[in-house]
Structures are given as C-alpha cells and as structure tokens.
C-alpha cells in the first residue's frame with residue numbers, strides 16, 4: 001500500500017475531529033457507548049431522592065428569589081432590604097449551580113415555585129409596614145429551615161455525589177441566611 005493511501009484515513013480523522021461540534025466531542029461516554037447511552041448512565045446514578053432534592057431545592061431558590069424581590073419592592077426597612085438583596089444574589093448563584101448539575105444528570109426542573117410557596121408569599125404581600133417585614137422574615141425562617149431539612153435528607157439518602165455536594169455546599173449559605181433573618185427579626189421587636 002502506498003504512503004498516500006495510509007495517510008488519507010489519518011487526514012480524514014483529523015478533519016472530522018475539527019468539524020465535529022465541541023459538544024459532541026465533550027460528551028462523557030464510556031468506550032464504545034453513544035451519547036444516548038451516556039445519558040442513560042448519568043440518569044442511573046441519580047436516585048429518586050436526588051431527583052426530589054434537585055426539584056424541591058430549585059423551587060426553593062425560585063421562591064426565595066421571588067420573595068427577595070418582593071421585599072425589595074415593598075419594605076422600607078434597611079435591614080430587611082439588605083437581607084432581601086443578599087437572598088436574591090445568593091439564591092441566584094446557588095440555583096445556577098443546581099441547574100448545571102440537573103442538566104448534566106438529565107433531571108427536568110419545575111418552572112416556578114410550588115402553589116403553596118406562591119400562596120404563602122401572597123399572604124405576606126397582603127400586609128404592609130412593620131407587619132409585612134415581620135411576616136416576611138418569619139416566612140424566610142420557615143423556608144430556610146425547610147431547606148436545611150431537605151439538604152440533610154439528601155445527604156442521608158441521595159446517591160449522586162454531585163447532588164450531595166450541592167446539598168452540602170448550599171447548607172452554609174442557608175445557615176448564614178437563617179442567622180441574618182433571625183437577627184433582623186430580633187431587631188424588629
């Protein structure tokens with residue numbers, strides 16, 4: 001076989017390597033598997049607890065962002081507004097990390113907070129002045145306490161290391177939020 005015939009397959013392979021989209025090249029697959037099989041393998045590493053955590057934590061982040069924006073628009077208390085701003089910023093960051101993990105593990109996420117979360121926020125929004133501020137802070141205490149419990153459940157019963165890492169890493173931010181909210185509520189009295 002001539003040298004030119006030996007080089008043609010290598011040249012074709014090199015051209016294909018540069019023309020195949022980067023996303024197709026970056027798919028984590030095991031030897032001999034296709035991207036569809038890789039998706040199935042990724043989904044197999046996620047148990048029902050992991051999926052529940054991702055969905056509930058995502059809804060929690062959406063609810064906290066909405067509540068923070070509501071407080072920024074309605075409260076006149078500088079302390080409450082500072083806490084609200086921090087919640088919006090931190091929960092956007094935490095949710096971005098969560099969405100990246102959910103995408104990688106092929107877990108679909110809800111588009112909005114739950115009906116209960118929306119109803120609770122609407123009840124708080126019906127108040128005004130100091131009554132609004134106190135109700136909003138109490139809502140945050142309940143939401144962040146539930147978030148910590150959700151994370152503990154994930155750490156005990158989840159299978160995915162990625163999801164467990166999210167639960168572990170978000171716990172410190174949630175505890176910090178809870179501390180700030182409680183301190184602000186103590187000042188309100």
Förster radius 45 Å - calculated FRET efficiency between residue 159 and residue 123, Cβ distance, rounded to 0.05: 0.75
Just to confirm my numbers, what's the Cα centroid distance between the stretch 127-166 and the stretch 56-92 in Å? 13 Å
Take residue 100 and residue 149, extend 7 Å from each Cα along the Cα→Cβ direction, and tell me the distance between the two endpoints in nm. 3.1 nm
Hits in the stretch 82-99: amide N under 17 Å from the 7 Å Cα→Cβ extension of residue 141, namely 83-84
For q values of 0.09, 0.10, 0.19, 0.21 Å⁻¹, compute log₁₀ I(q)/I(0) with the Debye formula on a Cα-only model of the stretch 46-188, without solvent. -0.26, -0.32, -1.04, -1.22
Mind sorting 65, 141 by how few other Cβ atoms lie within 10 Å of their own Cβ, fewest first? 141, 65
Ranked from fewest to most other Cβ atoms within 10 Å of their own Cβ, 93, 61 fall in the order 93, 61
Taking R0 as 35 Å and r as the Cβ-Cβ distance between residue 172 and residue 131, the FRET efficiency 1/(1 + (r/R0)^6), rounded to the nearest 0.05, comes to 0.65
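Every number in this text was worked out from the coordinates using simple rules, so none of it is lab data. Note that the structure is predicted; figures quoted are calculated from it, not measured. With ideal geometry, Cβ positions are generated from the backbone for all residues, glycine too; neighbour counts draw on all protein chains shown.
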